[in-house]
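See below for the structure under consideration.
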Amino acid sequence: GKGMRKDLINIYMYDIYQTANQLLLNTFNGNLYLKEFIITDKEFIIPYVYNGTVGRDINTASSSQQAAIAIAISMAILSKVLSSYGIVCFDEADAAFSPANREVFIDILTTQLNYIGIRQAFFITHHPEEYSGYPAGFLQFPGGKLKGHDDSKITV
């Protein structure tokens, strides 16, 4: 928590903060963004701003805001550690969204994936029908059918 280790963590986390913030700023037109992370030997706080209102830490944000921020931070971290394959997995990342906001979420997610260079992703979701129209295949359960973007079905 102190000295050179803390300085290296701060440098790494500042880079994560900048990338995540760029994703949020591009996606939400400046209405949702992060302030610099507060990292000490006693606490780790991620302040945010939503529509001009400052939140002390993301744990005070709404569940939808928390999901959007968590995905942006996760993608920022992924962009730093990806090597060759660029495949990411989302486990029910759309669960916090209402049906009306899920479509917006999917557009946001695909935009962010493209921004950081990820071209392949696995989505675990209860709403695979809402992902149709995107150039992707889906493994759907129950029934174990693989549906490709050309609507062909293959039993697996």
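The values are calculated or read from the model by the stated rules, or taken from the named source; none is laboratory data. Since the model is a prediction, treat every value here as computed from it, not as a measurement. As a convention, Cβ positions derive from the backbone with ideal geometry for all residues, glycine included, and neighbour counts pool all protein chains shown. SASA here: full protein model, heavy atoms, side chains in, ligands and nucleic acids out. Shrake-Rupley method; radii C 1.70, N 1.55, O 1.52, S 1.80 Å.
Assuming SER74 fulfils every condition listed in (1) in contact (Cβ under 8 Å) with a residue 24 or more places away in the chain; (2) within 14 Å of the chain's Cα centre (by Cα) apart from one, which condition is it?
Evaluating SER74 over (1) in contact (Cβ under 8 Å) with a residue 24 or more places away in the chain; (2) within 14 Å of the chain's Cα centre (by Cα) leaves (1) as the failure.
Among the strands (runs of 3 or more DSSP E) contained in region 34-125, which hold 3 or more residues that are touching a strand residue (DSSP E or B) at 6+ places or on another chain (Cβ under 7 Å)?
48-50, 87-91, 120-124
Any residue in region 107-121 that is among the β-branched types (Val, Ile, Thr) sitting within a Cβ distance under 6 Å of a residue that is surrounded by 11 or more Cβ atoms within 10 Å (Cβ to Cβ)? List the pairs, counting only those 6 or more apart or interchain.
From region 107-121, the pairs are ILE108/THR27; ILE116/MET75; ILE116/SER79; ILE118/GLY86; ILE118/VAL88.
Looking only at region 78-99, decide whether some residue is surrounded by 14 or more Cβ atoms within 10 Å (Cβ to Cβ), of a type in the set (D, E, K, R) and under 27 Å from THR125 (Cα atoms).
Within region 78-99, one or more residues are surrounded by 14 or more Cβ atoms within 10 Å (Cβ to Cβ), of a type in the set (D, E, K, R) and under 27 Å from THR125 (Cα atoms).
Name the single residue, out of those in region 28-48 being of a type in the set (Phe, Trp, Tyr) and open to solvent by 70 Å² or more (accessible area, probe 1.4 Å), that is farthest from ASN101 (Cα to Cα).
Filtering region 28-48 for residues that are of a type in the set (Phe, Trp, Tyr) and open to solvent by 70 Å² or more (accessible area, probe 1.4 Å), the one farthest from ASN101 (Cα to Cα) comes out as PHE44.
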